[in-house]
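K.L.:
Structure in structure tokens, see below.
The values are calculated or read from the model by the stated rules, or taken from the named source; none is laboratory data. Computed from a predicted structure; not experimentally measured. Cβ coordinates were reconstructed from backbone atoms using ideal geometry, including for glycine residues, and neighbour counts include every protein chain displayed. Areas reflect the complete protein model, heavy atoms only, side chains present, ligands, DNA and RNA absent. Shrake-Rupley method; radii C 1.70, N 1.55, O 1.52, S 1.80 Å.
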Amino acid sequence: METSHISPDVAGSEPIDDREPWYAEIAVPRPLPQTFTYVVPDELRDRIAVGSQVEVPFGRSRSPGFVVSLVRGGAAPREGLKPIGTLTYPDPVFDGAILELAKWVSEYYVASLGEVLMTALPGGLRKEARRASPPPEARGLGLAQIPRSLSAAQRKALAVVDDAITAQVFRSFLLYGVTGSGKTEVYVRAAETAVAAGGQVLMLVPEIALSFQVVERFRLAFGDRVGVFHSGLTARRRQDVWRRARSGELAIVVGARSAVFTPLPSLRLLVVDEEHEGAYKQAETPRYHAREVAIVRAHRAGATVVLGSATPALESYANVQRGKLGLLALPERIDARPRASVVVHDLRPREGAPKERTPILSRELTRKISERLSKKEQVILFLNRRGYAPFVQCRHCGLVARCHQCDVSLTFHRTSDSLVCHYCGDRKTHFGTCENCGSLRILFAGIGTQRVEEELQALFPRVQALRLDFDSTRRVGSYEHILRAFGAGEAEILLGTQMVARGLDFPNVTLVGVINADAGLNLPDFRSAERTFQLLTQVAGRAGRGERPGEVVLQTHYPEHYALTAAVVQDYEAFFLKEIALRREREYPPFTRMANLLFDGEEEARVIRAAEWLGTIIGRDARKGLTLLGPAPQPLSRLKGKHRWHLAIRAPHHATLRQACVVALEEWERTKREHAGVRMTIDMDPIDLL
Ligand code: ADP
Ligand code: ZN
Ligand code: ZN
């Protein structure tokens, strides 16, 4: 008889009868809590391994899946097991470390392991998207020359990180450095230390297209040993980066959220740049937070993790105070450049003043713009709303154009003469008349970026302005294109949504104008003040990064709000103290933990009933200090034709909360038939309740 296929991990134990079947536990990417057992066909025994990607019969169709464990021989765990269909890839796609990490994510976030693994796979089985070739390498984008020597603060921070890397034990730090303090340089030098010691580095950024200046800096230092997961890559090229990372050929991997799952066998350093960014939290299942996953991964790998920000997430700064993160501070800008000075323009009409329309750009801001332009300096304008007018109303009959699928008003887009739903993307042509009564008297209310663009053309007809928002960057590579043009001085003004607030480094920008600084403050969410403060401080940080000092103008109706007053003096600590006191008083994170159970369905009555029912189930377990908030309609109560309700749960500890979610999910699965047509998903540690 031929030798049997005993793999090394079972050799030496009981001899295995070759005729006994093998079984595999398969995780399938469906919203189901369990894995499924299949029989391994004889002809696959040689090649299948834990971490392999397979295709299995599932219900009446077939499903991709991942082998999470193998049982070689022994009694059948159940009758009537089906065999695995095909082995999609001969090599295991996941190594042990990633599989374990995925299991942690699946447990912590109460998410299906198959869905987590699917998310982890770059371009995985998703169909090859027909996209343009990857964008050209962005070069010469106003990136300053490589600094000859580090500042004292950079040196001090680096020394601590270097020690941690050399020690090869888990260490975690918050690199809290004001905008323009040179955080990127610290990342690059720390990466050099890790690579020199034979290690690999994982560099996470909120959005790769907006972080090309960071990518460029790494390329300068490490050349083609840098692998980048760019959104423009085809699935094949993503898998190529993944393979080269796994083989150790790449020293550095730069990528957004899901890059946290890249296999890196000699991982020594993880960096989470702009760690406060909401983009690190996935907005669909599995709703993991890449910063948290990075910390767990570093812990398991005995690696060092550095979280960097000028405006740390409240949780992160609180973790510094609790001793969970070491603090590395860069309190000054490079070369002791002054931070931009911030002034507030109160948009409220003065008492007794004649009633007039609030201008889009105040007279002072307009004057400051022309001043800068005459000095050949550049200006960034920020407005967190795209389109032309977010609200279109008939002056005759009062009808407001609304999306028929979502509970929101339609935004008028002048560039395409259409009414667009910013939630579901639905659009229709706007014919200039009211749909209801045919009147031509239409009111375009509110301000979007296209309207500011129009205003700029009217005020400064000979000035070139570039618009950077979702609409102008739909095509792959257009971010870089716009930013490169601005960096090269082809335009004087860059106007855009929060995309302009992210880490950009343009030394010739000396003025930043915020059109409506309090836009985000009134959102019904416990993080709205934090987000507003971060956004304003970040956007302010784009001014005065070169030799000339910068200035920031905040236009607002609410200058007294503490998020604004703290942003004006750019005092993170002051904001933190105020906000953390409010969180404590209101029992919000980080003093408690939250989970948000989301319900949606076409029939509202069924959605409500399901939410109320699950609320009762969880409520039975109230002795553990659980608090239920709701059920209540979600702030966006109808989306794409679905009614949306939610039930927030608060608990003193994660374990209690997770247990409640597990019970909820089990009960939900058990009684699935009773709430057909309603979907329930769990958002653990939600970053907003919107
Ligand atoms: P941050 O990410 O903290 O906002 P950056 O890393 O973008 O700051 O650095 C701000 C600017 O200072 C960049 O143009 C960078 O090239 C430059 N810089 C960083 N470190 C030094 C240094 N030690 N000497 C001179 N310039 C530096
Ligand atoms: Zn009308
Ligand atoms: Zn819609």
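K.L.:
Using the structure shown, decide if V254 is under 17 Å from the mean Cα position of the chain (by Cα), in a strand (DSSP E or B), at pLDDT 95 or above and aliphatic (A, V, I, L, M).
P.N.:
yes
K.L.:
Also: Could you list all residues from segment 398-448 that are among the small types (G, A, S), within 16 Å of ligand 2 (Cβ to nearest atom) and part of a loop (DSSP other than H, G, I, E, B)?
P.N.:
G398, A401, G432, G438, S439
K.L.:
How many residues, within segment 551-575, are open to solvent by 10 Å² or more (accessible area, probe 1.4 Å) and outside any helix (DSSP H, G or I)?
P.N.:
Number of matching residues: 9.
K.L.:
Something else: State all residues of segment 147-159 that are touching a residue at least 40 places away in the same chain (Cβ under 8 Å) and crowded, with 20+ Cβ neighbours inside 10 Å; if no residue qualifies, say none.
P.N.:
Q154, A157, listed by residue number.
K.L.:
Give the number of residues within segment 475-533 that are of a type in the set (D, E) and at pLDDT 90 or above.
P.N.:
The total comes to 3.
K.L.:
Exactly one condition in (1) modelled with pLDDT under 95; (2) buried (at least 24 other Cβ atoms within 10 Å of the Cβ); (3) touching a strand residue (DSSP E or B) at 6+ places or on another chain (Cβ under 7 Å) is not met by W242; state its number.
P.N.:
(3)
K.L.:
Only one of Q200, Q168 is more than 10 Å from ligand 1 (Cβ to nearest atom) and either open to solvent by 20 Å² or more (accessible area, probe 1.4 Å) or closer than 30 Å to A340 by Cβ (or both). Can you tell me which?
P.N.:
Q168
K.L.:
Looking only at segment 45-79, which residues are surrounded by fewer than 18 Cβ atoms within 10 Å (Cβ to Cβ) and basic (K, R)?
P.N.:
Within segment 45-79, R45, R47, R60, R62, R78 meet the criteria.
K.L.:
With farther than 24 Å from S370 by Cβ, of a type in the set (S, T, N, Q) and crowded, with 21+ Cβ neighbours inside 10 Å as the only criterion, which of T510, T449, T411 stands out?
P.N.:
T411
K.L.:
Could I ask something else about it? Restricting the search to segment 613-645, which residues are touching a residue at least 12 places away in the same chain (Cβ under 8 Å), out of contact with any Phe, Trp or Tyr (no Cβ under 9 Å at 6 or more places or on another chain) and among the charged types (D, E, K, R)?
P.N.:
D621, K624, R638, K642
K.L.:
Can you name the number of the only condition in (1) outside any helix (DSSP H, G or I); (2) open to solvent by 10 Å² or more (accessible area, probe 1.4 Å); (3) within 26 Å of V178 (Cβ to Cβ) that E249 fails?
P.N.:
(3)
K.L.:
Inspect all residues belonging to segment 600-622 and state whether any of them is at pLDDT below 90, under 28 Å from V116 (Cβ atoms) and either acidic (D, E) or within 16 Å of ligand 3 (Cβ to nearest atom) (or both).
P.N.:
yes
K.L.:
Please work out if L174 is open to solvent by less than 20 Å² (accessible area, probe 1.4 Å), more than 22 Å from G544 (Cα to Cα) and touching a residue at least 60 places away in the same chain (Cβ under 8 Å).
P.N.:
Answer is yes for this residue.
K.L.:
Now for a separate question. Consider D417 carefully, then state whether it is over 23 Å from L554 (Cα atoms), within 16 Å of ligand 3 (Cβ to nearest atom), open to solvent by 60 Å² or more (accessible area, probe 1.4 Å) and touching a strand residue (DSSP E or B) at 6+ places or on another chain (Cβ under 9 Å).
P.N.:
no
K.L.:
Which one of the conditions (1) more than 27 Å from G503 (Cβ to Cβ); (2) within 16 Å of ligand 3 (Cβ to nearest atom); (3) open to solvent by 30 Å² or more (accessible area, probe 1.4 Å) does H422 fail to meet, given that it meets all the rest?
P.N.:
Of (1) more than 27 Å from G503 (Cβ to Cβ); (2) within 16 Å of ligand 3 (Cβ to nearest atom); (3) open to solvent by 30 Å² or more (accessible area, probe 1.4 Å), only one is false for H422: (1).
K.L.:
May I ask you to list the residues in segment 300-317 that are within 17 Å of the chain's Cα centre (by Cα) and part of a helix (DSSP H, G or I)?
P.N.:
Within segment 300-317, L314, E315, S316 meet the criteria.
K.L.:
Condition first: in contact with a Pro (Cβ under 7 Å, 6 or more places away or on another chain) and assigned to a helix (DSSP H, G or I). Can you find one or more residues in segment 474-485 that meet it?
P.N.:
yes
K.L.:
List every residue pair whose Cβ atoms lie under 6 Å apart, where the two residues are 6 or more positions apart in sequence or sit on different chains, the first residue falls within segment 417-428 and is among the charged types (D, E, K, R), and the second residue, located anywhere, is within 16 Å of ligand 2 (Cβ to nearest atom).
P.N.:
What qualifies is D417/H430; K428/L419.
K.L.:
Looking only at segment 357-391, count every residue that is buried (at least 20 other Cβ atoms within 10 Å of the Cβ) and at positive phi and tell me the total.
P.N.:
1
K.L.:
Give the residue, chosen from L690, L598, that is touching a residue at least 40 places away in the same chain (Cβ under 8 Å), touching a His at 6+ places or on another chain (Cβ under 6 Å) and aliphatic (A, V, I, L, M).
P.N.:
Going through L690, L598 in turn, the sole match is L598.
K.L.:
Continuing with this model, one more query. Of the numbered conditions (1) touching a strand residue (DSSP E or B) at 6+ places or on another chain (Cβ under 7 Å); (2) open to solvent by less than 30 Å² (accessible area, probe 1.4 Å); (3) in a loop (DSSP other than H, G, I, E, B); (4) not small (G, A, S), N516 satisfies every one except a single condition; which is it?
P.N.:
Result: N516 passes all but (2).
K.L.:
Within segment 274-281, is even one residue of a type in the set (F, W, Y), surrounded by fewer than 24 Cβ atoms within 10 Å (Cβ to Cβ) and in contact (Cβ under 8 Å) with a residue 12 or more places away in the chain?
P.N.:
no
K.L.:
Right, C394: buried (at least 16 other Cβ atoms within 10 Å of the Cβ) and within 16 Å of ligand 2 (Cβ to nearest atom) or not?
P.N.:
yes
K.L.:
Let me ask you something else. If you take the residues in segment 386-406 that are within 16 Å of ligand 3 (Cβ to nearest atom) and of a type in the set (K, R), which one is farthest from L440 (Cα to Cα)?
P.N.:
R386
K.L.:
May I pose another question? Starting from segment 646-662, keep only residues that are in a strand (DSSP E or B), then list their pairs with residues that are among the acidic types (D, E) whose Cβ atoms are within a distance under 9 Å, requiring at least 6 positions of separation or different chains.
P.N.:
H646/D683; L647/E612; R650/E587
K.L.:
Looking for something of a type in the set (V, I, T) and either in contact with a helix residue (DSSP H, G or I) (Cβ under 6 Å, 6 or more places away or on another chain) or more than 16 Å from ligand 3 (Cβ to nearest atom) (or both) - is there at least one such residue anywhere in segment 372-385?
P.N.:
yes
K.L.:
List the number of the failed condition for A283; all other conditions in (1) touching a strand residue (DSSP E or B) at 6+ places or on another chain (Cβ under 7 Å); (2) part of a loop (DSSP other than H, G, I, E, B); (3) hydrophobic (A, V, I, L, M, F, W, C) hold.
P.N.:
The number of the failed condition is (1).
K.L.:
For L210, are the conditions met, namely being touching a strand residue (DSSP E or B) at 6+ places or on another chain (Cβ under 8 Å) and not polar (S, T, N, Q)?
P.N.:
No: the conditions fail for L210.
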